[in-house]
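Let me begin by presenting the structure, written as structure tokens, before commenting on it.
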Amino acid sequence: MARLAAAGLSALFLAALAGCPPGGDGGSGGSIDTTTAVAGGSRDTTIAQNDLQAVWDAWGAADKAGDAAGIAALVSEDAQLDFPGAPSMVGRAAVQAAVAQEFGQQTCSDLTIMPTRTGTDGTNIYQYGTYHEVCTPKGKQPMTNYGRYATSARRGADGKPLVTYLIGIT
């Protein structure tokens, strides 16, 4: 049941992202460029992808260090994170508490995010792709988890993106 709900939300998110034509009104009052950021692609999308990559790099470093506060610092105060088999984490404090609990049960040595598509309206960034993460549960062998993700981020007053929503599907 949880997988179906997660798949349904993810499909809705991806359909909304993919259905916004470049230069068209994405319902937010502005245009949303959904092109993949590649050489010769949209400048705004390339900047958005690079900015979000900096978030993923910091997330991976915090994940490797077992730093729940570091991960929480990358999400907005009202963020929601959804992962299979776990209750929704709503709010920065809930994210930090859940991640700290997870770090008490395992250590992680590698997180690789591979974006498929990135879009932006200038303030919000939308992205989906695949990921893999290597974690070692206490007293067990390392395990590699593979999955898909969809996320949205909003630029803060400093211009840096904070994750507002993240769903991971394994």
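The values are calculated or read from the model by the stated rules, or taken from the named source; none is laboratory data. Only a predicted model underlies this, so the values are computations on that prediction, with no experimental measurement involved. Ideal geometry is used to build each Cβ from the backbone, glycine not excepted, and the neighbour counts take in all protein chains shown. For the accessible areas, the whole protein counts, side chains as well, though only heavy atoms, and no ligand, DNA or RNA atoms are used. Shrake-Rupley method; radii C 1.70, N 1.55, O 1.52, S 1.80 Å.
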Report summary line: Counting only protein heavy atoms and leaving out ligands, DNA and RNA, the solvent-accessible surface of Phe103 at a 1.4 Å probe, in Å² to the nearest 10, equals 30 Å²
Query raised in the report: Amide H of Leu74: which non-local residues (sequence gap of 5 or more, or other chain) have their own amide H closer than 5 Å, using H built in the peptide plane?
Result: none
Query - Global form of the stretch 88-170, assessed from the alpha-carbon gyration tensor, a/c cut-off 1.5 - result: oblate
Query raised in the report: What trypsin sites (Lys or Arg not before Pro) does the stretch 71-170 have in DSSP loop regions with at most 11 other beta carbons within 10 Å?
Result: Lys138, Lys140
Report task. Starting from the Cα of His132, step 7 Å toward the Cβ, then list every residue of the stretch 146-160 with an amide N under 19 Å from that point. Result -> 146-150
Query - Per-residue HN-Hα couplings for the stretch 138-147 [Karplus 6.51, -1.76, 1.60; θ = phi - 60°; Hz; x = Gly/Pro] - result: 3, x, 10, 7, x, 10, 9, 9, 10, x
Query raised in the report: Going from most exposed to least, what order do Glu133, Glu77, Glu102 have by accessible area with a 1.4 Å probe?
Result: Glu77, Glu102, Glu133
